[in-house]
Amino acid sequence: MTDSGQPVSKMHELAYSSSKAALNMITVRYAQALPDIRFNVATPGEVANRTFAATDMNNHTGTLTVTQDTGSIIRLATIDADDPTGTFIDRLGPLGW
């Protein structure tokens, strides 16, 4: 949100931003409290490349298709019991919180 180069930094939707931040923290806390269950967060698109899918939410200003944008979600939906928990990923891989 503080990286002015990221398109999402210009989205001034208080409810969305606040609920997203809360969801991220809940993910970390669940991952810590229940280590036998995988809790992770995916953001669609590519943070490093500042790309995202064209959707109704962003007035179709994204450069990726919805199909391209779902790689991170598919990856997390198919992880194994030995895979990491408490992570944040995009289509290209893990991201720092």
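The values are calculated or read from the model by the stated rules, or taken from the named source; none is laboratory data. What you are looking at is a predicted structure, and each value in this text was computed from that prediction instead of being measured. Here the Cβ positions follow ideal geometry from the backbone for every residue, glycine too, while neighbour counts run over all protein chains shown. Each accessible area value is taken on the protein alone, full model and side chains, heavy atoms only, with ligands, DNA and RNA left out. Shrake-Rupley method; radii C 1.70, N 1.55, O 1.52, S 1.80 Å.
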Q) Is one or more of the residues making up the stretch 18-26 more than 26 Å from residue 84 (Cβ to Cβ), modelled with pLDDT of 85 or more and open to solvent by 90 Å² or more (accessible area, probe 1.4 Å)? A) no
(Q) For the list (1) open to solvent by 50 Å² or more (accessible area, probe 1.4 Å); (2) in contact (Cβ under 8 Å) with a residue 24 or more places away in the chain, I need the number of the one condition that residue 15 fails. (A) (2)
Q) Taking the stretch 45-97 only, how many residues are open to solvent by less than 90 Å² (accessible area, probe 1.4 Å) and under 17 Å from residue 31 (Cα atoms)? A) 13
Q) Can you name the condition, by its number, that residue 36 falls short on among (1) open to solvent by 90 Å² or more (accessible area, probe 1.4 Å); (2) outside any loop (DSSP other than H, G, I, E, B)? A) (2)
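Just for the stretch 53-85: of the residues that are part of a loop (DSSP other than H, G, I, E, B) and touching a strand residue (DSSP E or B) at 6+ places or on another chain (Cβ under 6 Å), which one is nearest to residue 11 (Cα to Cα)? Spell out the reasoning first.
Going residue by residue through the stretch 53-85, those that are part of a loop (DSSP other than H, G, I, E, B) are 54-55, 59-63, 65, 70, 78-85.
Then drop every residue that is not touching a strand residue (DSSP E or B) at 6+ places or on another chain (Cβ under 6 Å), which leaves 62-63.
Values: 62: 14, 63: 17 Å.
The selected residue is 62.
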